[in-house]
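Engineer: Next up is a structure, given as structure tokens.
None of the figures in this text is laboratory data; all of them are computed from the coordinates on show. Just so it is clear, the model here is predicted, and its values are computed rather than measured. Here the Cβ positions follow ideal geometry from the backbone for every residue, glycine too, while neighbour counts run over all protein chains shown.
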Amino acid sequence: MSLEDQIERAADLLRHARYVVALTGAGVSTPSGIPDFRSPRSGLWEKDNPMVVASITSFRTDPQVFYNWLRPLAELILYAQPNPAHLALAHLEQQGLIRAIITQNIDGLHQRAGSRRVLEVHGHMRQATCIRCYKQVPANSLVARFLATGEAPTCGCGGAFKPDAILFGEQLPIRVLNQAIAEARRCDLLLVAGSSLHVVPAAELPFLAADHGAKAIIVNLEPTDFDLRADLVINDDVAEVLPRIVDLLPG
Ligand code: ZN
């Protein structure tokens, strides 16, 4: 099937669906210049292993090591802008065609593009929590000083502030995760965009949706383990494909 035919087929599936949920991963944010830090090809693995420096165990031992690793990524996230893939998904929600976005991304770009119902299963960077006394502060109260000095932000109690993004080895936010599972069960069409489905829970949600009768579209540069069960697989750039799907839909 040509790309054009695939895009038409995707629009057709969306047009006939009753309850569509999107599941997005790092591939939606790479066109905004944010590397997939879970991927060894991101460049963020060359010096350090994120599985170690971005783990909760390492954070508790020496938060400064984590913050040294985070600094370049934090700058990219701070200055990144939503790209056409984010905007297309926000548009689909405004048109009533998408009911929720489940995302693995922590960058908040879906919300900045105008999406409203975003389930961030790996947390986010808008807030930080002290690992000792659990005081919560908005991240923007810490960012300027951190980017200027590189020093790990510290609470008045002496504990380190950790961004509310989920580190390796850390529990996922259970309430958000349960909502994501409920949406996967409820939808009759799951649109997977920019996720290679390597990391749980994202890897499991399409199977859960399919087991409950949902159809699935995958738009991702690389193949995934779910491809054989998907109704449509488009191996192309989300920032090109999603706006072209939107163009074929009413409104
Ligand atoms: Zn504290």
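Engineer: Listed highest first by mean packing, meaning other Cβ atoms within 10 Å per residue, what order do 162-174, 215-227 come in?
Structural biologist: 215-227, 162-174
Engineer: With a point put 7 Å past each Cα toward its Cβ, work out how far residue 71 is from residue 126 in nm, to one decimal.
Structural biologist: Reported label-point gap for residue 71 and residue 126 is 2.8 nm.
Engineer: Sticking with this one: Only four residue types carry charge here, +1 at the Cβ of Lys and Arg and -1 at the Cβ of Asp and Glu. Report the dipole size of the chain about the Cα centre in Debye, rounded to the nearest 20.
Structural biologist: 1080 debye
Engineer: With label points built 7 Å along Cα→Cβ from the Cα atoms of residue 207 and residue 62, find their separation and express it in nm.
Structural biologist: Output for this residue pair reads 3.8 nm.
Engineer: Now for a different question. For segment 1-132, with only Lys/Arg (+1) and Asp/Glu (-1) charged at the beta-carbon, what is the dipole magnitude about the Cα centre, in debye rounded to 20?
Structural biologist: For this selection, approximately 500 debye.
Engineer: Quick check: from the Cα gyration tensor, does segment 73-121 come out rounded (a/c under 1.5), prolate or oblate?
Structural biologist: oblate
Engineer: Pulled fully out, how much extra length does the chain show between residue 135 and residue 154, if you take 0.36 nm times their separation in residues and subtract their Cα-Cα distance?
Structural biologist: 5.8 nm
Engineer: Give the shape of segment 162-204 as rounded, prolate or oblate, defined through the alpha-carbon gyration tensor: a ≥ b ≥ c are the square roots of its eigenvalues, a/c under 1.5 means rounded, and otherwise the shape is prolate if a/b is larger than b/c and oblate if not.
Structural biologist: oblate
Engineer: So, one more: In µm²/s, what is D for the chain at 37 °C and 0.692 mPa s, where D = kT/(6 pi eta Rh) by Stokes-Einstein and Rh is the Kirkwood radius from Cα pairs?
Structural biologist: D, rounded to a whole number, is 175 µm²/s.
Engineer: Note down, for segment 20-168, the three equivalent ellipsoid semi-axes (square root of 5 times each alpha carbon gyration tensor eigenvalue), biggest first, whole angstrom.
Structural biologist: Semi-axes (√(5λ), whole Å): 28, 17, 13.
Engineer: Just want the answer: with Cβ charges of +1 for Lys and Arg and -1 for Asp and Glu, which residue in 13, 103, 59 is farthest toward the dipole's positive end in the chain?
Structural biologist: Looking along the dipole axis, the top candidate is 59.
Engineer: Tell me the label-point distance for the pair residue 174, residue 78, using the 7 Å Cα-to-Cβ offset, in nm and rounded to one decimal.
Structural biologist: About 3.5 nm, to one decimal.
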